[in-house]
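Each reported figure results from applying straightforward, stated rules to the coordinates on display, with no laboratory input. Keep in mind it's a predicted model, so treat the numbers as computed, not measured. No Cβ is skipped: glycine too gets one built from the backbone with ideal geometry, and neighbour counts run over all protein chains shown.
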Amino acid sequence: MLLLLMTASLGAARADDGPVTRSNAIAILGTPALPEGFANFPYVNPDAPKGGSVTLATIGTFDSFNPFILRGTAAFGLANPWVIMPGGSGSGSSVGHVWESLLTSSADEPATAYGHLAKTIELPADKMWVAFELRPEAKFSDGTPVTAEDVAWTYNTLLSQGRPSMRIQFADVKDVVVESPTRVVFHFRSNENRELPLIVGGLPVLPKHFFEGRDFTRPLTDAPIGSGPYRVASFELGRSITYVRNPDWWAANLPTGRGTNNFDQVRIEYFRDSTVAMEAFKAGQSDVRSENVSKNWATAYDFPAVRDKQVIKGNFPHHLPTGMQGYAMNTRRPMFADPLVRQAVGLLFDFEWANKNLFYGAYTRTTSYFSNSPLASSGVPEGDELKLLEPYRAELPPALFTQPFTLPVTDGSGNIREQLRQALDLLKQAGWQVKERKLIGPQGQPLAFTILLDDPSLERVALPYVQNLQKIGIEANVRTVDPAQFQHLTDDFDFDMTMMIYPQGDIPGNELRDYWSCAAAKAQGSNNVSGICDPAVDALIEKIITAQDRPTVQTAARALDRVLLWRWYMVPNWDNRVFHVAYWDRFGHPDKAIREGFNFDTWWVDPAKAAATDAARRR
């Protein structure tokens, strides 16, 4: 069975590879929805007017235009959607605003990508390489053509000088070869990793001529050159950036570009505090706000502009897997090396009380690392799933094989006496005793840790949790730092517990190595913040990556889910299946609902609405 099914015609074959499939699109374990030669993505308005300006707000600071290295804090907007939404499409490829990739994903299809910088994609019958033929019209903003040499240089530079997690993502790539100025070939170590063509196709292509002579490992403080629809027009490090649309963008009339990136100017304003950013939005100093605090959505949007319908509260349902959000415990710390301690700590988060008193009943408890998807485990392992787990039975918790994984459910009153008792029993089994109202370990050490946060709004959830922990003698505290310091501390794994989000796609793949593999546990800057290094986890990750059909992916993912849950590496939090977005009524946008829920890159400024709203804001 083909690992990748492609809208294609058969091309010339190499003697040693068999027939070569040539296509404009790639889908993992499926078929692209759009035919070759499609006019535009169906969720855009191909005739959307260009023009106008938009101001967006973000929290934190920045001192670099290089998001691919550990050093520095990268600017917002280089390769992000203009409005950050929780989670992601899981497609593995994306179009940036400054740098483009060979392929771009569809906001309405899972794990599918279409040729962007690449005009065609070639894949041989043995799946041991993928070749991309670049579009001759593709150019950087200074007029220099995008070449295969730029692709190869980008890959080699990111592998040797980029974030260490890059080496994990591309571990199955053997090499990259430039065959002509417009043709580049990636060779693979094996044909088992079905996602590799999509992964390398999602690589942002950087201009070699711009970075030559610069130290790539140092923060970039000059405005970069890119091939995307926007360029950096002006900036003040740490405070603001202004992007302007390139009127000569080479992809403006391509199927993957038509109807997108419609604003002439996008200004990003940085704020140190989310409360100040909210006040700026209310005053009309920013135009769009993605709200992820349920209390704010319920109470903070009762101001005159909302009542006068100048500001719209939009609810955008999505159909994305919600992954896992929770408090991640750093098992590199001695107190969290014991799974019994982790389980005890996990039992004391009272979701029902928080949902009732803090969240206005808006959330659902997360009970799986693959929540809101068919990959989530349930019941007890059976059949093929049980066969995958059997080799590791001796090392896994016995209850994994006999009981469904469940989280405590309270009555929401705040009285969690039963959970406190269970937690104390577990801690006693682990050798901890209560002495003078403090938990003391076998070596006389207190059970003490700090929850690291990067957003003050998260304190209102963490502090009641801390109070529950303190009831059984755990010395728990909360520390909130700015986003730059948070990034530094988590990159260095210098924390006890922190809030972590693991987004998931419909078909998980290479990202799982960065999330939970032994290699990632040792790689500075990886997403394996818990330090998970477990043979069963590593083996199941590889089963998922190499699975050649959806049932096999599903079986392996459910088995992996069970291991992660029963090991209690995280204290699961909550998820939401609706994006809350407030915006000043100065935009037009497509009416078609999409699986991603919200895609601001397809919106445009409506001149009549903008004139009316801007006049009202000046009064």
For each of 209, 580, count neighbouring Cβ atoms within 10 Å of the residue's Cβ, then give the residues from fewest to most. 209, 580
Under 20 Å from residue 313, Cα to Cα: lysines that are on another chain or at least 8 residues apart: 282, 295, 592, 609
Output ³J(HN,Hα) for the range 260-269: one whole-Hz value per residue in order, computed from phi by the Karplus curve 6.51 cos²θ - 1.76 cosθ + 1.60 with θ = phi - 60°, and x for Gly and Pro. 10, 6, 9, 7, 6, 9, 10, 10, 10, 9
Have a look at 128, 310, 391 and report the one farthest towards the positive end of the charge dipole of the chain, computed about the Cα centre with Cβ charges (Lys/Arg +1, Asp/Glu -1). 310
For residue 364 and residue 178, compute 0.36 nm times the residue count separating them, minus their Cα-Cα distance, and round to one decimal in nm. 62.0 nm
Which of the aspartates and glutamates could be linked to residue 438 by a straight reach, that is with a Cα gap under 20 Å, when you skip same-chain ones fewer than 8 residues away? 338, 418, 425, 475, 496
Using θ = phi - 60° and the Karplus curve 6.51 cos²θ - 1.76 cosθ + 1.60, what whole-Hz ³J(HN,Hα) does each residue of the range 475-490 get, with Gly and Pro shown as x? 8, 9, 9, 10, 10, 10, 10, 6, x, 5, 5, 4, 4, 4, 5, 6
Restricting to lysines and to Cα separations under 17 Å from residue 174, and discarding same-chain partners fewer than 8 apart, the set is 127
Please work out the C-alpha center-to-center distance from the range 582-611 to the range 461-531 and express it in whole Å. 34 Å
Quick note on 29, 396, ordering by fewest other C-beta atoms within 10 Å, gives 396, 29
So, with points 7 Å from each Cα along the Cβ direction, the residue 222-residue 407 label distance in nm works out to 4.9 nm
Residues whose built amide H sits under 5 Å from the amide H of residue 372, excluding neighbours closer than 5 in sequence, are 322
Mean separation of Cα contacts under 8 Å, 6 or more apart, over the residue count of the range 131-235: relative contact order %: 33 percent
Can you work out ³J(HN,Hα) from phi for every residue in the range 331-348, in order, using Karplus 6.51 cos²θ - 1.76 cosθ + 1.60 and θ = phi - 60°, giving whole Hz and x for Gly and Pro? 6, 6, 7, x, 5, 9, 6, 8, x, 5, 5, 4, 5, 4, 5, x, 5, 9
Would you work out the relative contact order for the chain, in percent, from Cα pairs under 8 angstrom that are 6 or more residues apart? 20 percent
Amide proton proximity set for residue 597, modelled H, under 5 Å, gap of 5+: 319
Furthest towards positive pole of dipole, 589, 519, 615, structure part the chain, Cβ charges: 615
Plugging the Cβ-Cβ distance of residue 253 and residue 422 into 1/(1 + (r/R0)^6) at R0 = 45 Å yields, to the nearest 0.05, a FRET efficiency of 0.10
Using a Förster distance of 25 Å, the FRET efficiency for residue 592-residue 50 (Cβ separation, nearest 0.05): 0.80
With a point put 7 Å past each Cα toward its Cβ, work out how far residue 356 is from residue 522 in nm, to one decimal. 4.9 nm
Going by Cα centres, the range 142-191 and the range 19-60 are how many Å apart? 23 Å
